[in-house]
Amino acid sequence: MKDYNKEKAMAGPRPVVLSGPSGAGKSTLLKNLLKEYEGVFGFSVSHTTRSPRPGEENGKDYHYVTREYMQASIDKGEFIESAVFSGNMYGTSKASVQAVKDKNLICILDIDMQGVRAVKTTDLNPIYISIQPPSMNILEKRLRDRNTESEESLQKRLDAAQVDMEISKEPGIFDIVIVNDNLDDAYGKLKDALIEEIKKVQKNNLS
Ligand SMILES: Nc1ncnc2c1ncn2[C@@H]1O[C@H](COP(=O)(O)OP(=O)(O)OP(=O)(O)O)[C@@H](O)[C@H]1O
Ligand SMILES: Nc1nc2c(ncn2[C@@H]2O[C@H](COP(=O)(O)O)[C@@H](O)[C@H]2O)c(=O)[nH]1
């Protein structure tokens, strides 16, 4: 039992998976966490074949790569999971997660439902959190107002959102489902869900 606890402590803090429809507010919430808890959370920077949006930085928001590069890296076994979403490839590399773990930070993964299912077959053992919009209408308004999608991409994202919203209701997939209506309330709920892990890292940082 003692050895088991030692092993758990050495494994570091549990990662966190944030999932939910595109436009539900995952990036907004995780950016708040990274800002408020500097030295506690680290973002697992995914790879994607989509183009950067204005303001996004290569290596910070994503690693922007070609399809050929991404497929070759997947074939070499460098990814924990990968998926095609709205016509583009996305994936979590082993190196991205390891880079955060090496710093003993809580690793946050922002991934879609395909990624959630894939991570469940690994030994990553994260806390699974679903961020949901209050309604499809509000989600569509947020995505349109964000002004980042073509009409085609927007429709693909809304189609995927409908499926995501249904799946998130299935018991056992997520540890917690947060409806992001009022941002401050949703952020409060997210912090409550993570407070035990946050305290562990803060205590570790002090010792
Ligand atoms: N509670 C909220 N109320 C109003 N607007 C919000 C709220 N939360 C987020 N937004 C806005 O909604 C838009 C979508 O949010 P965000 O980009 O964080 O979503 P996302 O889930 O990360 O999407 P994607 O998966 O496409 O990256 C942004 O313009 C953001 O500012
Ligand atoms: N399975 C994975 N999904 C990912 C990853 N990185 C991001 N995502 C998800 O893609 C959509 C769209 O993201 P956007 O930045 O283009 O709006 C969103 O649901 C993300 O959660 C990943 O590495 N694997």
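The values are calculated or read from the model by the stated rules, or taken from the named source; none is laboratory data. Worth saying up front: this structure is predicted, and the values here are computed from it rather than measured. Cβ placement follows ideal geometry from the backbone for every residue including glycine, while neighbour counts extend to all protein chains displayed. Ligands, DNA and RNA are stripped out before the accessible areas are found, and what is left, the full protein with its side chains, is counted by its heavy atoms. Shrake-Rupley method; radii C 1.70, N 1.55, O 1.52, S 1.80 Å.
At-a-glance table
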quantity	calculated
Taking the chain and dividing mean pair separation by its residue count, relative contact order in percent (alpha carbons under 8 Å, at least six apart)	31 percent
Order of exposure, largest accessible area first, which applies to 129, 74 with probe 1.4 Å	74, 129
Hits among lysines - C-alpha to C-alpha of residue 76 under 29 Å, sequence gap 8 or more where chains match	60, 94, 101, 103, 120
All lysines inside 19 Å of residue 189 as judged from Cα atoms, apart from same-chain residues fewer than 8 positions distant	26, 31, 35, 169, 199, 200
DSSP bridge orientation in region 14-201 - percent antiparallel, rounded to nearest 5	30 percent
Exposure of residue 81 as accessible area (Å², to 10), given a probe of 1.4 Å and all protein chains	10 Å²
Proximal lysines to residue 156, defined as alpha-carbon separation beneath 17 angstrom and excluding residues fewer than eight positions away on the same chain	141
Residue 183 accessible area, 1.4 Å probe, all protein chains in place, Å² to nearest 10	70 Å²
For region 96-122 versus region 23-90, the gap between their alpha-carbon centres in whole angstrom	11 Å
Taking N as its residue count, the alpha carbon Rg of the chain over 2.2 N^0.38 Å	1.02
Förster-model FRET efficiency, 41 Å R0, residue 177 and residue 72, C-beta, rounded to 0.05	0.65
Spin-label model distance (nm) - residue 202 vs residue 136, 7 Å beyond Cα toward Cβ	4.1 nm
Estimated 222 nm signal from helices in the chain, with DSSP H stretches of n ≥ 4 weighted -39500 (n - 2.57), rounded to 500	-14500 deg cm²/dmol
Separation in nanometres of the label points that stand 7 Å from Cα toward Cβ, at residue 98 and residue 163	3.2 nm
